[in-house]
1. If L54 satisfies all but one of (1) modelled with pLDDT of 90 or more; (2) part of a helix (DSSP H, G or I), what's the number of the condition it fails?
2. Could you list all residues from region 60-74 that are part of a loop (DSSP other than H, G, I, E, B) and buried (at least 16 other Cβ atoms within 10 Å of the Cβ)?
3. How many residues are surrounded by 21 or more Cβ atoms within 10 Å (Cβ to Cβ) and either modelled with pLDDT of 90 or more or part of a loop (DSSP other than H, G, I, E, B) (or both) when one looks only at region 17-39?
4. For the subset of region 75-106 comprising residues that are aliphatic (A, V, I, L, M) and within 20 Å of L120 (Cβ to Cβ), which member is surrounded by the fewest Cβ atoms within 10 Å (Cβ to Cβ)?
Amino acid sequence: MVKFELSDSGLMLLGGVSSLAYGASAMLAPDQFDDLHFGPKVTHPLRTSAPRELVRWNGHSMAALGALTLAARDHLTPGGTRRWFQTSGFAYGTAAAMAASNAFRDRERKSTGYTSAAVLGTLAALKLWRGFKKHNSTIKV
């Protein structure tokens with residue numbers, strides 16, 4: 001049987017790398033990023049509300065937060081780690097709700113919006129659980 005463990009540092013690594021990679025894709029290829037979320041420009045008028053520079057700045061913010069997470073993951077106090085999980089979990093939870101809402105209201109592709117909501121919601125649940133439980137330990141599956 002395969003044993004899977006996810007420590008606090010491992011969960012921070014997962015969140016940091018995912019934010020960094022997702023942000024880098026928006027920064028380096030804003031048109032493809034928009035195609036993924038909104039579809040071709042000719043078929044989705046809402047895509048014009050997010051010019052390339054805005055998509056790049058959004059990507060920069062996501063990548064920077066991912067890089068900061070990677071830099072801090074092994075250097076926080078236990079209390080700082082818990083607060084990081086609480087804050088990051090709340091942020092990921094609101095992002096999941098926004099993605100689901102955008103997909104539901106046809107503001108972005110349903111397949112992308114609902115998939116993003118599921119991934120972000122899962123990460124939010126893991127982070128919030130780690131942030132609010134009494135004793136931080138390893139998740140064993």
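The values are calculated or read from the model by the stated rules, or taken from the named source; none is laboratory data. This one's a predicted model, so the numbers in the text were calculated from it and none came from an experiment. Because the Cβ atoms are built from the backbone with ideal geometry, glycine has one as well, and the counts that use them run over all protein chains shown.
1. (1)
2. As a first pass, look at region 60-74 and keep what is part of a loop (DSSP other than H, G, I, E, B): 73-74.
R73 - this is the single residue of region 60-74 that is part of a loop (DSSP other than H, G, I, E, B) and buried (at least 16 other Cβ atoms within 10 Å of the Cβ).
3. Within region 17-39, residues that are surrounded by 21 or more Cβ atoms within 10 Å (Cβ to Cβ) and either modelled with pLDDT of 90 or more or part of a loop (DSSP other than H, G, I, E, B) (or both) number 3.
4. Within region 75-106, the subset aliphatic (A, V, I, L, M) is 76, 91, 95-100, 103.
If we keep only those that are within 20 Å of L120 (Cβ to Cβ) too, we end up with 91, 95-100, 103.
Working: A91: 16, A95: 18, A96: 20, A97: 14, M98: 16, A99: 23, A100: 18, A103: 20.
Top of the filtered list is A97.
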